[in-house]
1. Of the conditions (1) assigned to a helix (DSSP H, G or I); (2) under 30 Å from F176 (Cα atoms); (3) open to solvent by 60 Å² or more (accessible area, probe 1.4 Å), Q96 fails just one. Which one is it?
2. Answer yes if at least one residue in the stretch 58-75 is under 22 Å from the mean Cα position of the chain (by Cα), buried (at least 23 other Cβ atoms within 10 Å of the Cβ) and outside any helix (DSSP H, G or I), and no otherwise.
3. With the checklist (1) away from the ligand (no atom under 11 Å from the Cβ); (2) open to solvent by less than 30 Å² (accessible area, probe 1.4 Å) in hand, flag the one item L204 doesn't pass.
4. May I ask you to list pairs of residues, at least six apart or on different chains, whose Cβ atoms are under 8 Å apart, with the first in the stretch 290-306 being within 9 Å of A275 (Cα to Cα) and of a type in the set (A, V, I, L, M) and the second being at pLDDT 95 or above and assigned to a loop (DSSP other than H, G, I, E, B)?
5. If you check every pair at least six apart or on different chains, which have Cβ atoms under 8 Å apart with a residue in the stretch 25-44 that is under 23 Å from G161 (Cα atoms) and in a helix (DSSP H, G or I) first and a residue that is open to solvent by less than 80 Å² (accessible area, probe 1.4 Å) and within 7 Å of the ligand (Cβ to nearest atom) second?
6. Can you say whether S198 is away from the ligand (no atom under 14 Å from the Cβ), over 19 Å from D180 (Cα atoms) and either open to solvent by 60 Å² or more (accessible area, probe 1.4 Å) or of a type in the set (A, V, I, L, M) (or both), as far as the supplied structure shows?
7. Specify which of the listed residues (D148, D108) is in the same structural domain as A80 (by TED's automatic domain parsing), out of contact with any strand residue (DSSP E or B) (no Cβ under 7 Å at 6 or more places or on another chain) and either modelled with pLDDT of 95 or more or hydroxyl-bearing (S, T, Y) (or both).
8. Of the residues in the stretch 243-280, how many are open to solvent by 20 Å² or more (accessible area, probe 1.4 Å) and in a helix (DSSP H, G or I)?
Amino acid sequence: MIRAGILGTGSALPQRVLTNADLEQMVDTNDEWIVTRTGIRERRIAEPGETTSDYAVAACQQALTRAGVEAAAVDMVICATVTPDMVFPATACLVQDRIGAVNAGAFDLSAACTGFLYGLACAAAMVQAGLNRYVLVCAADLLSRITDYEDRKTCVLFGDGAGAVLVGPVSEGRGFLSFDLGSDGSGGHFLYLPAGGSKMPASLETISNRQHYLKMEGQETFKFAVKAMASSTERVLETAGLTKDDIDLLVPHQANIRIIDAARKRFGLDEDKVAVTIHKYGNTSASSIPIALDEAVQEGRVGSGDVVVMVGFGGGLTWGAAAVRL
Ligand code: ACO
């Protein structure tokens with residue numbers, strides 16, 4: 001079987017910073033509450049007129065450049081997003097066109113914050129099966145577009161951004177070691193966007209009822225997240241034949257520093273073995289894992305031969321983990 005691994009990483013974030021002090025002017029909240037409950041100090045917000053595909057394109061171009069692979073060699077573009085430019089065509093098709101991946105297929109994937117890990121598993125399977133040689137996986141979300149800035153329970157949490165990796169063949173001893181993907185649809189109502197789908201098409205009523213904004217049961221999501229992060233990490237290590245001592249870097253979904261810390265303590269990892277970006281970017285949905293991975297690679301925290309475990313959870317409910325030797 002062909003071995004699949006990560007050949008290059010990229011990320012893109014908006015310039016505009018939304019601080020906790022800014023949010024204090026918008027809703028009844030304060031910096032102390034946000035920092036102690038979430039670990040977030042600021043987040044990035046896209047400008048009006050910018051789109052999810054703008055950031056996905058920038059992240060994909062970086063990943064290709066760093067991998068040294070031409071866009072025309074890409075066989076498939078997968079975009080994980082819950083905030084596509086439009087319901088259709090797929091944002092992946094817009095990206096495929098704009099980066100010049102003229103020989104690639106393209107599709108979007110919806111698994112909320114776990115979307116990047118689902119995309120990575122698809123890409124690895126495609127390469128390993130010999131179906132495709134190079135698969136570009138991007139995760140991009142402008143959650144600010146579905147965030148209710150009158151709801152203090154959610155608006156302090158989210159930010160915008162995109163991350164990407166190029167998946168392709170790697171030499172023996174490197175590449176993906178295992179995946180763990182799961183879902184529990186019975187918890188879908190803990191985190192969802194009520195209107196705009198076939199169940200509740202857009203109408204004057206849905207707009208006036210603010211039903212085009214994300215709704216979340218914070219505490220239920222929190223409890224689920226702590227359990228899912230631990231169990232998914234355990235399964236992915238076991239399947240790969242690894243122990244927690246083999247982890248060079250844990251890259252968790254960035255939703256809340258308390259959720260990240262619970263996972264870090266559960267596996268007895270030092271702080272330098274866990275990638276954390278939540279303080280500066282907030283929760284950027286599917287893109288949080290590839291953004292944190294890209295930063296760790298660019299900073300030289302991980303490199304060739306290192307074992308990286310990525311783990312996430314999100315709407316669906318969904319969860320997932322991936323172990324890879326870079
Ligand atoms: N500022 C000030 N007070 C606030 C704020 C705020 N921004 N938000 C809520 N509060 C208040 C509440 O009203 C409540 O007040 P009350 O006791 O008078 O009713 C109090 O703070 C405590 O609220 P809780 O909801 O119990 O606070 P909690 O400690 O659970 O923290 C949080 C809330 C941060 C949302 C937490 O539950 C969490 O992180 N949950 C997980 C969220 C998550 O991971 N979501 C992402 C999923 S991934 C995806 O697919 C997008």
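The values are calculated or read from the model by the stated rules, or taken from the named source; none is laboratory data. What you see is a predicted model, and the numbers here were worked out from it, not measured in a lab. When we count neighbours, we look across all protein chains shown, and the Cβ atoms used for this are built from the backbone with ideal geometry, even at glycine. Heads up: the accessible areas ignore ligands, DNA and RNA and are worked out on the full protein's heavy atoms, side chains in. Shrake-Rupley method; radii C 1.70, N 1.55, O 1.52, S 1.80 Å.
1. Answer for Q96: the failing condition is (3).
2. yes
3. All conditions pass for L204, except number (2).
4. A292/Q254; A292/A275; A292/V276; A292/T277; L293/A275; A296/A275; A296/V302
5. If the second residue must be open to solvent by less than 80 Å² (accessible area, probe 1.4 Å) and within 7 Å of the ligand (Cβ to nearest atom), the pairs left are I34/V156; R37/N256; T38/V156; T38/L157; T38/N256.
6. Numbers: away from the ligand (no atom under 14 Å from the Cβ): yes; over 19 Å from D180 (Cα atoms): yes; either open to solvent by 60 Å² or more (accessible area, probe 1.4 Å) or of a type in the set (A, V, I, L, M) (or both): yes.
In short, yes.
7. On the way: D108 fails: out of contact with any strand residue (DSSP E or B) (no Cβ under 7 Å at 6 or more places or on another chain).
Answer to the check: D148.
8. Filtering the stretch 243-280 down to residues open to solvent by 20 Å² or more (accessible area, probe 1.4 Å) leaves 243-246, 248, 257-258, 261-262, 264-266, 268, 270-273, 276, 279-280.
Then drop every residue that is not in a helix (DSSP H, G or I), which leaves 244-246, 257-258, 261-262, 264-266, 271-273, 279-280.
Of the residues in that region, 15 qualify.
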